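Novice: Dropping a structure here in C-alpha cells format, bear with me for questions.
Laboratory data are not the source of any read-out in this text; all were calculated from the coordinates shown. Just so it is clear, the structure is predicted and the values come from calculations on it, not from any experiment. For neighbour counting, all protein chains shown are included, and Cβ atoms are generated from backbone atoms with ideal geometry for every residue, glycine included.
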Amino acid sequence: MNKEAFLNRIATQIGRPRPLTKAPSRDVVGIPDFWREFNLSSDERIVHFEERFTGLGGEVRVVDDIAQLRTALAGIMADRKPERIGMWNDAELEQWVGNSLEGQTVLKWGVDPRDQFSSINIGITGCSAAVADTGTLVLACGGGRGRSVHLLPSIHIAMVGASQIVTRLGEALERVAKPTEMDSYVHFVTGPSRSSDIENDQTTGIHGPAAVIAIVMRQA
C-alpha cells in the first residue's frame, strides 16, 4: 500500500473525506489556565498527598517538627530491625536524621563501597519534590544521592518537607529542571514497586521496594 492510499484509508476510518493537508490549529498549548492557577494550601497538599500515596500502597507519617521526625524514624528501626541501612550522603538529610540511627550499621552513598549497598535492608533518602495530585515522590539523583539507596532495599524511607509538596506534576518538573546541569537520574515513586504478569496477577516488590514510607515534616 502506498502512502496516499494509506492516509486515505485512515481518513475514511475517522470520518474524514480526505487526509488533512496541514496540521489543525491548537487553541491551547500546554496546561489549561484553570489547572495552572489551581493551588492547594500547605495543609491541603499534605492531606492530598497522604490520601493518594496511601491509596497506592505507600505509608505516610506526618510529624510536626524534627524531634518528632527522629522519633518516628527510630520507631521504624525498632519495628523493622534492619541489619544494614543505606543513606544518601546529603547534609540536610543528615541534619534531619540526627542521632536517630545510633547503634545501626549505616552506609552512606559516595563514602562506603557501592557494592555493599546490594545488601541493605532499608534505604533512607530525601526528595526533590512530592506531588499532592498523584501521591508521587520525585527523587533527583546525582553526587551523594545514589539511586541504589532507594531501588535496592525492600524498604524505602523518604524524608519530605511540607514545602516540598506541590500541587501538580508540572511544578515538580520545574524544580528538577536545570538549564545548565541535569541530574543523572530522576525517579518518580508512587507507592511501592508493583508488577503484573500477562494474566494481570500483581506482585509487590519485584523491581523495587515492597514498602515505601514517607515521613512528612510540617515545619520544613
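Novice: Give the lysines reachable from Lys81 as a straight Cα distance under 19 Å; neighbours fewer than 8 places away on the same chain don't count.
Specialist: Lys108
Novice: Grab the DSSP H runs of the chain that are 4 residues or longer, score each as -39,500 (n - 2.57), total them, divide by all residues and round the 222 nm result to the nearest 500 deg cm²/dmol. Kindly include the intermediate steps, with their values, before the conclusion.
Specialist: Details: 7 runs with 63 residues, N = 220.
It lands at -8000 deg cm²/dmol.
Novice: Go ahead and set up a Gaussian network model of the chain, Cα springs under 10 Å, then flag whichever of Met159, Met182, Met77 fluctuates most.
Specialist: Greatest mean-square fluctuation among the candidates belongs to Met182.
Novice: On the Cα set of the chain, report Rg and Dmax in Å, please.
Specialist: 22.0, 75
Novice: While we're on this one: Evaluate the relative contact order of the chain (contact order divided by residue number), counting alpha-carbon pairs under 8 angstrom at least 6 apart; express in whole percent.
Specialist: 24
Novice: Something else about it: If amide hydrogens are placed 1.01 Å from N in the peptide plane, which non-local residues have theirs closer than 5 Å to the one on Ile165?
Specialist: Amide H neighbours of Ile165, under 5 Å, 5+ apart: Ala130.
Novice: Just tell me which lysines come within less than 22 Å, Cα to Cα, of Lys22; anything on the same chain fewer than 8 places away is out.
Specialist: Cross-link targets: Lys3.
Novice: Counting Lys +1, Arg +1, Asp -1, Glu -1, what net charge surrounds Gln219 among other residues with beta carbon under 9 Å of its beta carbon?
Specialist: Spelling it out: positives minus negatives among the neighbours equals -1.
Novice: Take the alpha carbon atoms of segment 12-29, find their center, do the same for segment 121-141, and report the distance between the two centers in whole angstrom.
Specialist: 40
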